[in-house]
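Visitor: Please read through the structure below; I'll follow up with questions.
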Amino acid sequence: MAFVKRYLIPRLISYILVIFLGITAVFFIPRFTPSDPVHRTIAQLMSRGTYLDPASMEAMVEDLQELYGLEGSLLQQYGAFWKRTFTGDFGVSFFQFPTPVSELIRTALPWTAGLLLWTTMLSWVFGNIVGALAGYFSRSRWSKALDTLAMVVRPLPYYIFAFALLILFAFVVRWFPIAGGTAIGRLPAFTWTYIWDVLWHAFLPALSLVVLGGAIWFQTMKLIVQNVNAEDFVQYAKLGGVREGRIVSRYIMRNAMLPQITGLALSLGQILSGALITEIVFSYPGVGTLLFNAITSGDYNLIMGITALSILGVTTAILVIDLLYPLFDPRVRFR
Amino acid sequence: MRVLRDLFKDYRFALSFLVLWFLLIMAVLSAFSPYDPLIWFHGPPNLKPSVTYFLGTSAKGQDIFWQATYAVRNSLIISVIAGAVSRVFAVLVGMIAGYRGRGTDRVLMFFTDTLLVMPLFLIIVMLALLVRERMTLVNLGLLLAFFGWAWDARVIRSQILSLREREFTKTAVLSGTGTLKLVLKEYLPFATPLIFSTLINNMAWAIGMEMTLAILGLTDINIPTLGTMLHWAISKQALFLGQWNWLLTPVVLSVLLFIALYWLSVSISEYLDPRTRVQRVGGK
């Protein structure tokens, strides 16, 4: 019971509070800014030469307010927004007019989840293993070489790195496709050609994410392992003749992994932000591209829908990792 | 001066110091530019590098070299505003949370953590979209400052937490030093190097953010920055026209800037950590 009270309940409370604050921010930010989406939409129509008489203008304002969830007092709107969040119904999109926002998200989500989730995990595993080995053999030449490489790659902003990869491998030497999730016009089918096509298109975006993400994990893991390696209990195990493989995996890795698990939770939080840039650079058909189109066309329903869902998804992922954490760290379990 | 001499023994520090001076001189050169950066077609478009146009001209008919001086200057201005203002938040929150502890700490850290787990980039994008018309350099800097302090506040807090446990804190408190004086006079000197290294990281983050927002077209794309230069080069098809001089100028400058800032912060923080310092300086 002490575990539930001291570990579980504070986390559940902060989970709920963070979601509450996040959704509230998503609701209020557009409302505190001076621009009015309804008048903006109408102004856009007018500037394209549409003529509206006062009566139909009035009707249009009302319709738009309903579609944007802007009818009633601020409090009523706020309540309605929560209802929208929980039912997953964010109204219709404006940039692909009658299609509901939820449906647009549903078609785009598998692409993003497939690419981002998978590469985030892969770079974590890869960076940690290589980092741990480099930290353990920190005097060797390959370890120093990798360290220098990481020092150069690490500070590059993702956009520049991805863009350079794209130009190099898709434009200068044309090994990989320059854009898209599959070849144009290919229909989804459960065949080898289709799966191969998807993988081939995903390779460059995945590579950019794994290398840049992996470099960060590599550096932190190497540093932590170097520190753990200098601890007395590791020296003792070495003197006691414990096999080296066992020291690395059971003594060092096990201890060094703990902060990295928390780091994984935080990096899952950045997935959707990452998706936006990745998918724009590689014109990948996921949520990021959808969001970009929503931004450029001023599609408020779609933007709020994606942001609200991503807050829900991210906080839930972090909660799950937090709840799994005691499995890795016995000290939390027995405190 | 001893400190500087020791720092220069690290090749990373020396290199990044040189690169930053180079970029700073470029930024200062913008004051002597013969062209107004906002005017298009003061020269013929799409020229290769030549004697009159040192780095060629863009499809907008602007001299790329002089445009780049403005870009470096403006990117640096944004990052300095964002870095300096967010330092105020980070230092205040970090110090108060670290020193007061208990309830104050918990409340402040709750807000900090909330800011950390939120998809900040999406929220910044949403805000940028809404205030795009008023996106001056200062406003962009302030917007980034408002969101860029959370992690650093945590770092500073943990430093203060460890200082609070030291002997001299008790001595100071028992001899009647006030909280404000204690924090400003005793803790700040310890925390200053740390604050400086978070400042550098934050500046790099702000420049990266600006570039990403600019490439998405969410800032005022008429003001030349490293991001907007790249934005124009991409949207005017510099890649397919073979205008490498135009495309590569902002890319190379920003890569130099990022690596220099990162190496500077790494070498300074390694210098601050006595264990690694002994290794490098040679056990003095």
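Visitor: Test each condition in (1) part of a helix (DSSP H, G or I); (2) surrounded by fewer than 21 Cβ atoms within 10 Å (Cβ to Cβ) for B:Asn201 and report the one that comes out false.
Guide: Tallying (1) part of a helix (DSSP H, G or I); (2) surrounded by fewer than 21 Cβ atoms within 10 Å (Cβ to Cβ), B:Asn201 fails exactly one: (2).
Visitor: Could you give me the residue pairs with C-beta distances under 6 Å whose first residue belongs to the range A:118-147 and is within 18 Å of A:Gln260 (Cα to Cα) and open to solvent by 20 Å² or more (accessible area, probe 1.4 Å), whose second residue is at pLDDT below 85 and in a helix (DSSP H, G or I) wherever it lies, and which are 6+ apart or on separate chains?
Guide: A:Trp124/A:Leu264; A:Tyr136/A:Val248
Visitor: Which residues, taken from the range B:238-250, are open to solvent by 20 Å² or more (accessible area, probe 1.4 Å) and hydrophobic (A, V, I, L, M, F, W, C)?
Guide: Listed by number, the residues that qualify are B:Leu239, B:Phe240, B:Leu241, B:Trp244, B:Leu248.
Visitor: Among the residues of the range B:8-33 satisfying the criterion of being open to solvent by less than 90 Å² (accessible area, probe 1.4 Å) and in a loop (DSSP other than H, G, I, E, B), which is nearest to B:Pro250 (Cα to Cα)?
Guide: B:Ser33
Visitor: Ok, one more. Taking A:Ala183, is it touching a helix residue (DSSP H, G or I) at 6+ places or on another chain (Cβ under 7 Å), modelled with pLDDT under 80 and over 24 Å from B:Ile207 (Cα atoms)?
Guide: When the stated conditions are applied, A:Ala183 passes them.
Visitor: Restricting to the range A:282-292, and then to whatever is assigned to a helix (DSSP H, G or I) and crowded, with 24+ Cβ neighbours inside 10 Å, can you tell me which residue is nearest to the other protein chains (Cβ to nearest Cβ)?
Guide: Filtering first and then ranking leaves A:Leu291.
Visitor: Moving to a separate point now. Test of understanding: among A:Ile321, A:Ile311, which residue is surrounded by 19 or more Cβ atoms within 10 Å (Cβ to Cβ), touching a residue at least 24 places away in the same chain (Cβ under 8 Å) and touching a helix residue (DSSP H, G or I) at 6+ places or on another chain (Cβ under 8 Å)?
Guide: So the residue among A:Ile321, A:Ile311 that is surrounded by 19 or more Cβ atoms within 10 Å (Cβ to Cβ), touching a residue at least 24 places away in the same chain (Cβ under 8 Å) and touching a helix residue (DSSP H, G or I) at 6+ places or on another chain (Cβ under 8 Å) is A:Ile311.
Visitor: Here's another thing I want to ask about it. I'd like the full set of residues that are farther than 17 Å from B:Ala145 by Cβ, more than 12 Å from chain A (Cβ to nearest Cβ), in contact (Cβ under 8 Å) with a residue 60 or more places away in the chain and not acidic (Asp, Glu), limited to the range B:199-236.
Guide: Within the range B:199-236, B:Asn222, B:Ile223, B:Pro224, B:Thr228, B:Met229, B:Trp232, B:Lys236 qualify.
Visitor: I would also like to ask the following. Would you point out which residue out of A:Leu156, A:Leu168 is within 22 Å of B:Phe258 (Cβ to Cβ), without any contact (Cβ under 8 Å) to a residue 24 or more places away in the chain and within 14 Å of another protein chain (Cβ to nearest Cβ)?
Guide: Answer to the selection: A:Leu168.
Visitor: Could you check B:Val131 against (1) free of Cβ contacts under 8 Å to residues at least 40 places away in the same chain; (2) of a type outside the set (Asp, Glu); (3) more than 20 Å from A:Arg31 (Cα to Cα) and say which number it fails?
Guide: (3)
Visitor: Quick check on the range A:241-253: of everything there that is in a helix (DSSP H, G or I) and free of Cβ contacts under 8 Å to residues at least 60 places away in the same chain, which residue is least open to solvent (accessible area, probe 1.4 Å)?
Guide: Once the filter is applied, the top-ranked residue is A:Ile247.
Visitor: Would you say A:Thr182 is open to solvent by 20 Å² or more (accessible area, probe 1.4 Å), more than 30 Å from A:Ile247 (Cβ to Cβ), of a type in the set (S, T, N, Q) and part of a helix (DSSP H, G or I)?
Guide: So A:Thr182 fails the test.
Visitor: Of the residues A:Val198, A:Val234, A:Val211, only one is among the hydrophobic types (A, V, I, L, M, F, W, C) and at pLDDT below 85; which?
Guide: A:Val198
Visitor: Let me ask you something else. Of the residues A:Ala202, A:Ala215, A:Ala206, A:Ala230, which single one is in the same structural domain as A:Thr289 (by TED's automatic domain parsing), more than 20 Å from the chain's Cα centre (by Cα) and not basic (Lys, Arg)?
Guide: The conditions single out A:Ala230.
Visitor: Is the range A:144-152 home to any residue that is within 12 Å of another protein chain (Cβ to nearest Cβ), farther than 20 Å from A:Leu264 by Cα and of a type in the set (Val, Ile, Thr)?
Guide: Yes: the range A:144-152 contains one or more residues that are within 12 Å of another protein chain (Cβ to nearest Cβ), farther than 20 Å from A:Leu264 by Cα and of a type in the set (Val, Ile, Thr).
Visitor: Okay, moving on. Considering each of A:Asp322, A:Asp232, A:Asp329 in turn, give the residue that is among the acidic types (Asp, Glu) and within 13 Å of chain B (Cβ to nearest Cβ).
Guide: Result of the check over A:Asp322, A:Asp232, A:Asp329: A:Asp322.
Visitor: Another one. Kindly indicate whether B:Met135 is aliphatic (A, V, I, L, M) and touching a Ser or Thr at 6+ places or on another chain (Cβ under 6 Å).
Guide: Taking the combined requirement at face value, the residue satisfies it.
Visitor: If you don't mind, there's one more thing I want to ask. Identify all residues within the range B:253-267 that are surrounded by fewer than 20 Cβ atoms within 10 Å (Cβ to Cβ) and more than 10 Å from chain A (Cβ to nearest Cβ); write none if there are none.
Guide: B:Leu256
Visitor: A further question on this structure: Collect the residues in the range A:293-302 that are within 11 Å of chain B (Cβ to nearest Cβ) and open to solvent by less than 10 Å² (accessible area, probe 1.4 Å), keeping them in residue-number order.
Guide: A:Ala294, A:Ile295, A:Asp299
Visitor: Filter the range B:103-151 down to the residues that are of a type in the set (D, E, K, R) and at the interface with another protein chain (Cβ under 7 Å from one of its Cβ atoms) and list them by number.
Guide: If the condition is that a residue be of a type in the set (D, E, K, R) and at the interface with another protein chain (Cβ under 7 Å from one of its Cβ atoms), then no residue fits.
Visitor: Starting from residues that are at pLDDT 85 or above and open to solvent by 30 Å² or more (accessible area, probe 1.4 Å), keep the ones in the range A:157-167 and report whichever is nearest to A:Val234 (Cα to Cα).
Guide: Only one residue tops the list, namely A:Phe161.
Visitor: Related question: Look at B:Thr192 and say whether it is among the polar types (S, T, N, Q) and part of a helix (DSSP H, G or I).
Guide: Spelling it out, B:Thr192 is indeed among the polar types (S, T, N, Q) and part of a helix (DSSP H, G or I).
Visitor: Consider A:Gly114 against the criteria (1) over 30 Å from B:Gln237 (Cα atoms); (2) open to solvent by less than 30 Å² (accessible area, probe 1.4 Å): it satisfies all of them except one. Which criterion is unmet?
Guide: (2)
Visitor: Read through the list (1) touching a Pro at 6+ places or on another chain (Cβ under 6 Å); (2) among the hydrophobic types (A, V, I, L, M, F, W, C); (3) farther than 19 Å from B:Ile207 by Cβ; (4) part of a helix (DSSP H, G or I), then give the number of the only condition that B:Ala71 fails.
Guide: So the condition that B:Ala71 fails would be (3).
Visitor: Report the residue count in the range A:281-335 for those that are farther than 28 Å from B:Thr219 by Cα and polar (S, T, N, Q).
Guide: Of the residues in the range A:281-335, 2 are farther than 28 Å from B:Thr219 by Cα and polar (S, T, N, Q).
Visitor: If A:Thr262 satisfies all but one of (1) surrounded by fewer than 18 Cβ atoms within 10 Å (Cβ to Cβ); (2) in contact with a Lys or Arg (Cβ under 7 Å, 6 or more places away or on another chain), what's the number of the condition it fails?
Guide: Status for A:Thr262: all satisfied but (2).
Visitor: Any residue at all in the range A:268-276 that is buried (at least 24 other Cβ atoms within 10 Å of the Cβ) and more than 10 Å from the chain's Cα centre (by Cα)?
Guide: no
The values are calculated or read from the model by the stated rules, or taken from the named source; none is laboratory data. Keep in mind it's a predicted model, so treat the numbers as computed, not measured. Every residue, glycine as well, gets a Cβ built from its backbone with ideal geometry; the counts of neighbours run over all protein chains shown. Calculation scope for accessible area: heavy atoms of the full protein, side chains included, ligands and nucleic acids excluded. Shrake-Rupley method; radii C 1.70, N 1.55, O 1.52, S 1.80 Å.
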